[in-house]
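The values are calculated or read from the model by the stated rules, or taken from the named source; none is laboratory data. Because the structure is a prediction, the values reported are computed rather than measured. Note that we place each Cβ from the backbone using ideal geometry, even for glycine, and neighbour counts take in every protein chain shown.
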Amino acid sequence: MRRLLALAAAALVLTGCGAQDPLEANKAESGQVVIGSADFAESELLMHIYAEALKTTGADVQTRPRIGAREFYVNAVRNGELTLVPEYTGNLLEFLDPASNATESQQVYELLRTKIGPGMELLGQSPAEDSDVLTVTKATADTGLRSMADLGPRCGEIVLGAPAEWKTRWESKIAQDYGCTFKEIRSVEAGTITVDALTSGEIQAANLFTTSSQITTNDLVKLDDPKNMFPAQNVVPLAGKGKLTPPQAEAVEKVSRALTTEKLTELNKRLEVDKANPADVAKEFIATAGL
């Protein structure tokens, strides 16, 4: 969900008022591989991981971190200003085809491949997934709440903490799929503030993300989603059509195969808890994964 926010205001600032396109100003020279990222830590980390993998092929790699809005960096890939960017299947599909109802991982990926359009291509999706997930404390889970299917009869007593967009996107959907109408949906900033509200009892359930290290460090329980209300959000490299050589593409594919949700969660912990530099974490991952 945080990716759906997409920092649209940033895109307007960058494209309006005669502002110079920062990517155009730093457009890649022939043969360069230019990798960008969205404006959040995990995307920047993935950018650096791709960069380190591509350097092993001898590629001349440039990075453009925290570009901002999806509208901006997708167009940059399409126009050749970026070679590669890490993406998430469900959110990219919704961006390209807002009417899509696909939720299952392979279904989302296959449909996404048909929606990419000219100038871009998808590499293979990773097993690593960073999707919305409802979480509760272990004490709450031990009362018999282990799945979103368990929520229905009890939603009237539960206050959910979630980003402001949750009501617009999911309130009617969870009522339809699980018969759940929460006592209250409280807008809470994603991350530590949400977790603190949950562990203090201010809220009884929280919308977090599957690779958040705070789920394990706070002994929280993820509720299963048997009806796949939340669409799959597998990490997937989005590249310019034909911009990567076969060895370069294979280096990125190896990264995708090596990443898992658990591994990405561990890497996020290095950023969130240890406050490590994402470029250093990326180098460590490439070295330890044998890439």
Can you tell me which of (1) charged (D, E, K, R); (2) within 25 Å of residue 248 (Cα to Cα); (3) in contact with an Asp or Glu (Cβ under 9 Å, 6 or more places away or on another chain) is the one residue 146 doesn't meet?
(2)
Tell me yes or no: at least one residue of segment 271-283 is modelled with pLDDT under 95, within 18 Å of the chain's Cα centre (by Cα) and not in a loop (DSSP other than H, G, I, E, B).
yes
So residue 287 ticks every box in (1) surrounded by 14 or more Cβ atoms within 10 Å (Cβ to Cβ); (2) part of a helix (DSSP H, G or I); (3) among the small types (Gly, Ala, Ser) but one. Which box is left unticked?
(1)
Test: residue in segment 33-56 that is more than 26 Å from residue 288 (Cα to Cα) and either of a type outside the set (D, E, K, R) or touching a helix residue (DSSP H, G or I) at 6+ places or on another chain (Cβ under 8 Å) (or both)
yes
Pick from segment 142-200, criterion touching a strand residue (DSSP E or B) at 6+ places or on another chain (Cβ under 8 Å) and of a type in the set (Lys, Arg), ranking: modelled with the lowest pLDDT:
167
With a cut-off of at least 2 residues that are within 24 Å of residue 263 (Cα to Cα), out of contact with any Lys or Arg (no Cβ under 8 Å at 6 or more places or on another chain) and β-branched (Val, Ile, Thr), name the strands (runs of 3 or more DSSP E) lying wholly within segment 78-155.
132-137
Considering segment 53-67 alone, what residues qualify as being surrounded by fewer than 21 Cβ atoms within 10 Å (Cβ to Cβ) and within 21 Å of the chain's Cα centre (by Cα)?
63, 64, 65, 66
